[in-house]
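What follows draws every value from the coordinates through simple rules; no lab data is involved. In this text, all values refer to a predicted model and were calculated from it rather than measured experimentally. Virtual Cβ from ideal backbone geometry, glycine too; neighbours counted across all protein chains shown.
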Amino acid sequence: MSAVENLPVASRRSMDVGFAVGIACILAILFVPIPPILLDLGLACSISVAILILMVALWIERPLDFSAFPMVLLVTTMLRLALNVATTRLILSHGHEGPSAAGNMVGGFANLVMGGDFVIGAVVFIILLTVNFIVISKGATRIAEVGARFTLDAIPGKQMAIDADLNSGLIDEAEARRRRAELEQESSFYGSMDGASKFVRGDAVAGLIITFVNSFGGVIIGVTRHGMDFGTAADAFIKLTVGDGLVTQIPALIVSLAAGLVVSKGGNRGTADRAIISQLGGYPRALVVAAAMLILMALLPGLPFLPFATLSALLFVGSVMLRRTKEAEAKVAEEAKKKADEAKPANEPDSAKNLLRTPEIELSLGKQLMSLMLLNHGELAHRVAKMRKKFAQLYGFVVPEIKVSDDLRIAPKSYKIKIHGTEVASYELRPGELLVVTAGKSRPDIPGDDVKEPAFGLDALWVPDMFAEEVRNAGYSAFDPMSVMLTHLSEVVRNNLAQLLSYRDLRALTEGLEPEYKKLLDEITPAMLSFSSLQGVLKILLAERVSIRNLHLVLESIAEVVPHTRKPEVVAEHVRIRLAQQICGDISHQGKLRVLRLGSKWDGVFLQALKRDNKGEIIEFDIEPKQLEAFANEATAAIRPHLESGLSFALACAPESRPYVRMIIDRVFPNLPVLSHVEVAKAVQIEVIGAVA
C-alpha cells in the first residue's frame, strides 16, 4: 500500500483538490500574464520537480515501481511549455527594460552560462538541445518502443505460465491474481512509455522553435516599437531568449535522463547504483587490466601523469579489496553448504524418520510405465493438478498431494494405487495401444484382447493405436494408457473421499468460514457435538459422494438436529434431507432425475428387518442370508443394464431402510447413489426407469 493510501480520507481529498488546482494553474499560465516573481517561483518549481524525478528514477528497484512516470512526464512537459509561453510574453513585452525584465531566474541563468555574451549562450543552448534531442530522448524513445513491443508479444506466454503454476498448485488464486495484475500493469506501463517518450522529443523541438521565434520577434519589436538599434535589440532580446531556453532545457534534460534510466533498467532489480557498481565492479581481473592500461597511458609522453596514475592506483586497490571480499563470501558459502550437507541425512527421503510418513495417496508405477511417464512428466503433473482442482470444486475440500513413485517389485507395465500406504487398486496397461470401451455395444471387428475397464468394470478391449481413427469413426470411446490410469485414479480417490478428509483438512475448512458461521460452529462444538463427531458426519456424507462444498448449509442442518440426537449416522441422514436440492442436482441428467425404484416386496422385507426399541428408534438390522442373497441377485439384474447405458440414475427406497440398502448395494455397485423418497427435491422432474422387484 502506498503512502498516499495510508493518509486519512480528508487528507487524500485535499490532495486531490490541490492536484486539480495545480493542473488548472498550468493551463491558466498559457493565457493569463503573470508577474516576474511568480514566474521565478514556477521556474524554480520546474527545476526542483525535474531533480526529484531524477532521484526517484535512480532509487527505484524496478521500472514498475514508477508506473506513474508517463503521467508525470506529461504534467512536467506541460508545466515547462506553459512557463515558456509566460516567459515569452514577458520578454516580448518588457525585454527592452533590462536583464531582469523576465524575472531574476532567466537573467541569472543568462549571466551564469553566457558570461554576458549571447553568442556563448546560444552555442551552449544548441549543444544542450542536441544532447537532449538526438542522444538521450532518441535512445530512450527507441528503448521504450522495443520494450513495449517485446512486452506485448510476451504476454500470452507469461499468462500461460501463470495458469500452469496455478493448475499445478505452485501458487494460489490470490497470487495468480496478483501476477496477472502485475502483468497487465507492465504491459500498460511500457505501452504508455512508448507514447510518453514522444513528449520529451516534442518538448525539445518546441524549445528550439520558441527560442527562434523569440529571438526574431524580440529584435523586430525592439527596433520597431522601442526605437532600439539592431545591435542593442539583438543583445537584449537574444540574451533573454537564450536564458529562457537554458532555464527550460536544463530541467528537460534532467527529465529526459530520468526517462532513459527508467526504460533502460530492463530486467535489472535493485537501485541504479547497485546494479551499475555491482556489475562494473564485480570482476577483479577486469579492474587489474584497466589499472595496467591506465598506468601505460600515464607513462606515454605528452599525457599528464598524475590523473592516470591516481585512477590506476584506485582501480588496483579496488580489485584487491574486491578479491578479498569474494573469497570471504565464498568461504561463508562453503561453510553453509557443509552444514547443509551434514544436516541432509536427517532430511533424506530414505531416512528412518521419513519412512514413517505414509503418503495419503500414492501412485506406484512399474519400470516401463515410469520411463513412459517421465517422457510426459509435464502433462502428467498438469492433469493430476487439474484433477485435484476438480475434486476441490466438486466436493468442497482439497484432496492430498498425489505422490508418484516407481516400484521395481511390480510388473513393468503395471501400476498400483495406494491410500494411506495400503494398496486399493492395480491394473496392467499396454503402452502403444488404446483401450476401447464396448459396454452396451457390439464388439468392433478389430483385432484386440477383451478386458475389463479398471475404473468402472465395463467391457473393453485393447487395440493397437494404428486403429484409433477407425475405432472413433465407428462411435466407440478410445483412451490412451495415461487417460486410463488417471481415470482409474480419479475413481479410486472418489471412492475413498471419507478416508482422505483428515482432521487438519476440517480445521482448514472451518478456519475459512465467515464470522457468522464460525459463531454457529462454536455453538455446536463442543457443547452439543465433538469436533471428531462433526468430522464423522462429513465422512459419512463423503462416503456416499455427497459434496460438502456448501459447508454453511451442512452446519445449519446439523444445528437443527443435534439438540435431539448426537449419533453421526442419524445426523448425516438429516443433513441429506436438507441437501436434497444439491444431491438431486448432482445426479440429474439434462434436468431429469432418473430413478430406479425399490419394489414393494423388498421395501416390506427391509422394513420388517429393522428392529426397534420401546422409543421407536432402530437398534438392529436383521435380515436372513437367503433374502440378502436374493436381493443382491435381483438388484444386480435390474441395475446392470442401466449402468451400461452410461446415463446417471439413482435407486430410491424408504427413508428408514435407505442406509441399509446403501450398505448392501455398495458392495456390488459402489458408484450408484441411493436416495430416500424424502431426499427427492420438489422441483426435480422424475423419470422412473424401472424397479427392483
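Could you tell me the center-to-center distance, by alpha carbons, between the range 621-693 and the range 14-91 in angstrom?
Comparing the Cα centres of the range 621-693 and the range 14-91, I get a distance of 79 Å.
Using a 7 Å offset from Cα along Cα-Cβ at Asp622, what residues in the range 645-673 end up with backbone N under 19 Å from the label point?
Only 657, 660-661 pass the distance filter.
Mind jotting down the distance between the C-alpha centroids of the range 559-583 and the range 216-251, whole Å?
So the two Cα centres are separated by 94 Å.
Mind listing the phi-derived Karplus ³J(HN,Hα) values for the range 483-499, rounded to whole Hz, using 6.51, -1.76 and 1.60 with θ = phi - 60°, and x for any glycine or proline?
Values, residue by residue: 5, 4, 5, 6, 5, 4, 4, 4, 5, 5, 4, 4, 6, 10, 4, 4, 6 Hz.
Applying the Karplus parametrisation 6.51 cos²θ - 1.76 cosθ + 1.60 with θ = phi - 60° to the phi angles of the range 558-563, what ³J(HN,Hα) value in whole Hz is obtained for each residue in order, glycine and proline being reported as x?
Going residue by residue, I get 5, 4, 6, 9, 5, x Hz, with x marking Gly and Pro.
Work out which GluC sites (Glu not before Pro) in the chain are exposed loop sites (DSSP not H, G, I, E or B, at most 11 other Cβ within 10 Å) and give the longest gap free of them.
It works out to 6-616.
Fewest to most neighbouring Cβ within 10 Å: what's the order for Leu43, Leu299?
Lowest count first: Leu299, Leu43.
Could you give the size of the charge dipole of the chain about its Cα centre, using +1 on the Cβ of each K and R and -1 on the Cβ of each D and E, expressed in debye and rounded to the nearest 20?
640
Which entry in (1) 95, 57, 53; (2) 130, 63, 59; (3) 99, 83, 56 is this structure's computed Cα extents along the principal axes in Å?
Here the calculated entry is (2).
Report, in deg cm²/dmol and to the nearest 500, the calculated mean residue ellipticity at 222 nm for the chain, where each DSSP H run with n ≥ 4 adds -39500 (n - 2.57) and the sum is divided by the residue count.
Computed ellipticity for the chain at 222 nm equals -21000 deg cm²/dmol.
Taking H placed 1.01 Å from N in the peptide plane, check which residues at least 5 places from Ala691 or on another chain put their amide H under 5 Å from its amide H.
Amide H to amide H, under 5 Å and 5 or more residues apart or across chains, Ala691 pairs with Arg597.
How high is the relative contact order of the chain? Use alpha-carbon pairs under 8 Å, at least six apart in sequence, and give a whole percent.
9
What net charge do the residues around Ile577 carry, taking every other residue with its C-beta under 14 Å from that of Ile577, with Lys and Arg at +1 and Asp and Glu at -1?
Charge balance near Ile577 sits at -3.
If we count every other residue with Cβ under 14 angstrom of Asp407's Cβ, Lys/Arg +1 and Asp/Glu -1, where does the sum land?
Around Asp407, the surrounding residues sum to +2.
In whole Hz, what ³J(HN,Hα) sequence does the range 551-556 give by Karplus (6.51, -1.76, 1.60; θ = phi - 60°), x for Gly and Pro?
In residue order, the calculated couplings are 5, 5, 5, 4, 5, 4 Hz.
Report the full-extension gain for the segment Ala176 to His589: residue separation times 0.36 nm, less the Cα-Cα distance, to one decimal in nm.
Length difference between fully extended and current span is 145.3 nm.
For the chain, give me the percentage of DSSP beta bridges that are antiparallel, rounded to the nearest 5 percent.
Antiparallel bridges: around 60 percent, rounded to the nearest 5.
Working out 0.36 nm times the residue gap between Thr224 and Ser490, then minus their Cα-Cα distance, what length gain in nm do you get to one decimal?
Answer, rounded to one decimal: 86.3 nm.
In terms of modelled amide H atoms, which long-range or inter-chain residues lie less than 5 Å from the amide H of Leu434?
Here the answer is Val463, Asp465, since their amide H atoms fall under 5 Å of that of Leu434.
In a shell of Cβ-Cβ distance under 9 Å around Ile619, excluding Ile619 itself, what net charge do Lys and Arg (+1) and Asp and Glu (-1) give?
-1
Past 19 Å, Cα to Cα, is the threshold; run Lys601/Lys682; Lys367/Lys413; Lys389/Lys416 against it and keep the listed order.
Pairs exceeding the cut-off: Lys601/Lys682; Lys389/Lys416.
Cα to Cα, under 24 Å, and not fewer than 8 places away if on the same chain: which lysines meet these conditions relative to Lys326?
Candidates past the 8-residue exclusion: Lys337, Lys338, Lys339.
Please identify the longest segment of the chain free of exposed trypsin sites (Lys or Arg not before Pro), where exposed means a DSSP state other than H, G, I, E or B and no more than 12 other Cβ atoms within 10 Å.
It works out to 1-224.
What is the order of Leu363, Leu322, fewest Cβ neighbours within 10 Å to most?
Sorted ascending by nearby Cβ count, the order is Leu322, Leu363.
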